[in-house]
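Below is one structure; the comments refer to it alone.
The values are calculated or read from the model by the stated rules, or taken from the named source; none is laboratory data. This one's a predicted model, so the numbers in the text were calculated from it and none came from an experiment. These area figures cover heavy atoms from the full protein model, side chains too; ligands, DNA and RNA do not enter into them. Shrake-Rupley method; radii C 1.70, N 1.55, O 1.52, S 1.80 Å.
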Amino acid sequence: MNDFKLIRVERIEKNGKKELLIPNPTTLKLIGAGSQGAVFQLDEDICVKIYVNPNAANKEGKALEAALFRGYMKWVRTM
């Protein structure tokens with residue numbers, strides 16, 4: 001399950017547009033990608049988001065924890 005640590009997400013500029021480069025040497029399924037990172041499915045119930053910028057990960061983690069505290073989400077685990 002720790003295969004996700006092999007995945008890298010980088011932001012590159014191509015033809016004047018920013019896009020993500022996502023080298024994935026694993027068999028993990030890419031669920032989606034956005035401006036901050038990419039989400040991969042680890043198993044039926046667990047996904048992981050890999051961020052380009054650690055600061056974005058911290059901010060989103062705090063937002064998810066606040067949502068959990070207010071009852072909007074059932075469970076969140078950050079690594």
Task: Label corresponding to mean projected area of the Cα convex hull in nm² when calculated from the structure given, among [x] 5.9; [y] 5.0; [z] 4.8 - done: [x]
TODO: Just the number, please: carbon plus sulfur as a percent of the accessible area of the chain, 1.4 Å probe, no ligands or DNA/RNA counted.
DONE: 51
TODO: Choose one answer from G61, G34, G16: the residue with the largest mean-square fluctuation in a GNM of the chain with alpha-carbon springs under 10 Å.
DONE: G16
Task: Acute angle (nearest 10 degrees) that the helix 54-69 long axis makes with the longest principal axis of the chain, alpha-carbon atoms - done: 30
TODO: Taking H placed 1.01 Å from N in the peptide plane, check which residues at least 5 places from R11 or on another chain put their amide H under 5 Å from its amide H.
DONE: L21
Task: Gain in span if fully extended, E19 to L6, counting 0.36 nm per residue against the direct Cα distance - done: 2.7 nm
Task: Helix-derived mean residue ellipticity, 222 nm - over the chain, DSSP H n ≥ 4, -39500 (n - 2.57), to 500 - done: -6500 deg cm²/dmol
- [ ] Taking amide H positions as placed in the peptide plane 1.01 Å from N, state which residues far from L28 in sequence (5 or more) or on other chains have amide H under 5 Å from it.
- [x] none
